[in-house]
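Asker: Before anything else, here's the structure in question.
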Amino acid sequence: MAMDLNVYNYLMTGYNTKPAASKYGAHKTSELRSIVRDIAKRTKSSPIYLVKLSDDKQAYALNVKESSIALHDAFEDLMTEDDSSVFGGRKAVSSQAGDVSVNIDTEDYEKLPSPFSMEVHSLAKQQVNVSKEFYDSSRSLEEGLYRFRIRVNDDSYDFQYNIKKDARHGEVIGGLADFITKARIGIQAQPVSREAGKIAMRISTDMTGSPDGEPILSFEDRPDGQHSEGITSYYGLNRIVQNPENASFEINGVEKHSMSNQFKLAGSLQIQMKRISEQPAQITYTPDSDKIINGVRNVLDHYNQMIDSSWNYAEKSGHTPKLVREMQSVLMPFQSDLESCGLTFNDQGYLEMDDYLAEQSAMDGSFQELFGARSRLSSRMLAKMNYVKLDPMEYVDKTLVSYPNTSKPAVGYAYTTSLYSGMLFNYYC
């Protein structure tokens with residue numbers, strides 16, 4: 001039966017957007033051969049139906065096929081066993097997250113250091129200079145071009161700045177601060193005012209700490225004989241109000257130092273020191289509950305999408321949603337296990353998640369026991385999804401014409417999957 005061309009326009013709004021090809025789809029010759037055998041077996045035992053295709057039926061069949069593939073893949077994700085899988089993930093946890101935060105920065109968990117304690121004694125600090133204060137409306141240096149050099153750590157940068165005739169301190173300090181900052185050499189300069197009518201310049205380094213404990217920022221005038229005083233000495237840009245300091249901390253009682261408040265331990269664990277510790281932080285590793293909950297929520301989303309599509313079709317066709325009943329019959333034996341993990345059915349068969357119980361289930365292994373590699377629930381759902389996606393036309397209303405004659409050798413008949421196969425561009429098995 002040919003598909004009405006008008007259905008294409010209808011499906012643009014009624015049919016879910018086609019996802020990327022399933023990563024668990026059949027690709028091996030043996031897998032494809034097995035699918036063909038399953039289709040042939042069902043063909044021989046299938047009754048003959050008369051299906052009057054409508055736009056609603058076609059859209060529903062397509063949604064059933066796509067949602068069954070998506071739900072199948074979501075369960076496959078939960079059953080996969082490796083470090084990159086849903087249940088294989090780990091996250092680092094700090095008992096004093098306000099003092100020390102940690103984040104795993106590797107996919108090879110073997111590289112992670114063993115759990116440890118950490119105590120922060122002092123944080124790394126940047127160098128801060130504050131110039132002399134001047135009345136912002138007073139006249140600045142004499143006009144002309146001023147040359148100077150800025151040293152930041154081991155790098156030196158040469159500058160020249162032009163002061164206009166009768167320029168005021170507010171104008172010069174503001175312009176010079178903006179000029180230095182825009183050079184992007186690792187320092188920030190801005191005008192500050194600690195007293196009404198007065199202005200100064202605050203200069204701070206982007207980096208913290210010092211390799212040798214000495215200042216990492218300095219200014220030097222480069223006199224050319226045209227001015228009696230250079231711009232950096234006149235404004236006092238070398239006045240240090242905070243020396244750079246390295247962070248001091250202990251790991252398992254061993255004192256250590258770092259130029260930065262953020263560093264990587266063992267090339268795999270990112271550590272951020274936030275404040276001085278009141279008590280040691282215990283750094284441990286736990287299952288990645290966020291990843292687990294996202295994986296379970298992915299199952300719920302695709303399951304509910306299938307249920308929603310079935311109810312929508314039921315409202316239009318006036319028939320009880322067969323697929324909803326079948327899905328519930330598969331899951332009902334596991335209802336108490338689902339509820340203990342925070343997953344419950346509402347009146348229409350949709351699955352809902354309690355966030356608090358779900359977090360507990362992710363951490364204590366209940367979700368892995370319920371959905372993991374050796375899960376009876378997941379195995380039954382995979383089998384059911386394989387059945388559904390093989391013949392989505394099973395779930396549209398149709399008229400039975402005749403039963404197969406079981407008294408004679410089985411004969412292959414065209415069956416409703418053939419209708420689906422030619423209904424729309426579709427490369428799925």
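Asker: If you check residue 133 against the conditions, is it acidic (Asp, Glu) and at pLDDT below 95?
Answerer: On the way: acidic (Asp, Glu): yes; at pLDDT below 95: no.
Judged against the criteria, residue 133 is not a match.
Asker: Right, another one. Residues that are within 17 Å of residue 75 (Cα to Cα), out of contact with any helix residue (DSSP H, G or I) (no Cβ under 8 Å at 6 or more places or on another chain), modelled with pLDDT of 95 or more and of a type in the set (Lys, Arg): does the range 294-301 have at least one?
Answerer: Yes, the range 294-301 has at least one match.
Asker: Residues of the range 215-244 being under 45 Å from the mean Cα position of the chain (by Cα) and either crowded, with 17+ Cβ neighbours inside 10 Å or at pLDDT below 95 (or both), which ones?
Answerer: The answer is 216, 217, 218, 219, 237, 244.
Asker: Can I ask one more? Just one of 114, 68 is without any contact (Cβ under 8 Å) to a residue 40 or more places away in the chain and not assigned by TED's automatic domain parsing to the domain that holds residue 225; which is it? Don't jump to the end; show me each part of the working.
Answerer: Working: 68 fails: without any contact (Cβ under 8 Å) to a residue 40 or more places away in the chain.
Being without any contact (Cβ under 8 Å) to a residue 40 or more places away in the chain and not assigned by TED's automatic domain parsing to the domain that holds residue 225 holds for just one of 114, 68, which is 114.
Asker: Of all residues being aliphatic (A, V, I, L, M) and touching a Pro at 6+ places or on another chain (Cβ under 7 Å) in the range 172-199, which is surrounded by the fewest Cβ atoms within 10 Å (Cβ to Cβ)? Just the residue, please.
Answerer: Pass one, the range 172-199, residues aliphatic (A, V, I, L, M): 172-173, 176-177, 180, 183, 185, 187, 189, 192, 196, 199.
Then keep just the ones that are touching a Pro at 6+ places or on another chain (Cβ under 7 Å); that gives 173, 177, 199.
Details: 173: 24, 177: 21, 199: 24.
Once the filter is applied, the top-ranked residue is 177.
Asker: Do we find a residue being more than 21 Å from residue 234 (Cα to Cα), part of a loop (DSSP other than H, G, I, E, B) and of a type in the set (Ser, Thr, Tyr) anywhere in the range 175-195? Talk me through it step by step, then tell me what you get.
Answerer: Applying the first criterion (more than 21 Å from residue 234 (Cα to Cα)) to the range 175-195 yields 182-186.
Checking the rest, the ones that are also part of a loop (DSSP other than H, G, I, E, B) come to 183-186.
Filter again for of a type in the set (Ser, Thr, Tyr), leaving none.
Checking the range 175-195: not a single residue is more than 21 Å from residue 234 (Cα to Cα), part of a loop (DSSP other than H, G, I, E, B) and of a type in the set (Ser, Thr, Tyr).
Asker: Within the range 325-340, how many residues are within 32 Å of the chain's Cα centre (by Cα) and among the hydroxyl-bearing types (Ser, Thr, Tyr)?
Answerer: 2
Results for (1) in the same structural domain as residue 142 (by TED's automatic domain parsing); (2) farther than 23 Å from residue 186 by Cβ, shown as yes or no for each residue.
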{"position": "211", "(1), (2)": "yes, no"}
{"position": "219", "(1), (2)": "yes, no"}
{"position": "228", "(1), (2)": "yes, yes"}
{"position": "231", "(1), (2)": "yes, no"}
{"position": "257", "(1), (2)": "no, no"}
{"position": "262", "(1), (2)": "no, no"}
{"position": "270", "(1), (2)": "no, no"}
{"position": "273", "(1), (2)": "no, no"}
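Asker: Quick one: in the range 19-61, which of the residues that are closer than 17 Å to residue 384 by Cα and among the hydrophobic types (A, V, I, L, M, F, W, C) is modelled with the highest pLDDT?
Answerer: If we take residues in the range 19-61 being closer than 17 Å to residue 384 by Cα and among the hydrophobic types (A, V, I, L, M, F, W, C), then 61 is modelled with the highest pLDDT.
Asker: Does residue 93 satisfy the criteria of being more than 35 Å from the chain's Cα centre (by Cα) and touching a residue at least 60 places away in the same chain (Cβ under 8 Å)?
Answerer: On the way: more than 35 Å from the chain's Cα centre (by Cα): no; touching a residue at least 60 places away in the same chain (Cβ under 8 Å): yes.
Judged against the criteria, residue 93 is not a match.
Asker: Being over 31 Å from the mean Cα position of the chain (by Cα), at negative phi and in a loop (DSSP other than H, G, I, E, B) is true for just one of 81, 107, 142. Which residue is that? First the steps, then the outcome.
Answerer: Details: 81 fails: over 31 Å from the mean Cα position of the chain (by Cα); 107 fails: over 31 Å from the mean Cα position of the chain (by Cα).
Every option except 142 fails the conditions.
Asker: Turning to a different aspect of this structure: Tell me, please, whether a residue that is touching a Ser or Thr at 6+ places or on another chain (Cβ under 9 Å) and more than 23 Å from residue 206 (Cβ to Cβ) can be found in the range 230-243.
Answerer: yes
Asker: Now for a different question. Considering only residues that are crowded, with 18+ Cβ neighbours inside 10 Å and not in a loop (DSSP other than H, G, I, E, B), which ones fall in the range 84-100?
Answerer: Across the range 84-100, the qualifying residues are 92, 94, 100.
Asker: So residue 243 fits all but one of (1) in contact with a Phe, Trp or Tyr (Cβ under 8 Å, 6 or more places away or on another chain); (2) at negative phi; (3) in contact (Cβ under 8 Å) with a residue 24 or more places away in the chain; (4) not aromatic (Phe, Trp, Tyr); what number is the exception?
Answerer: It fails just one condition, (1).
Asker: Could you tell me whether any residue of the range 342-350 is over 17 Å from residue 301 (Cα atoms) and not charged (D, E, K, R)?
Answerer: no
The values are calculated or read from the model by the stated rules, or taken from the named source; none is laboratory data. Just so it is clear, the structure is predicted and the values come from calculations on it, not from any experiment. Quick reminder, even Gly has a Cβ in these numbers, built from the backbone with ideal geometry, and neighbours come from all protein chains shown.
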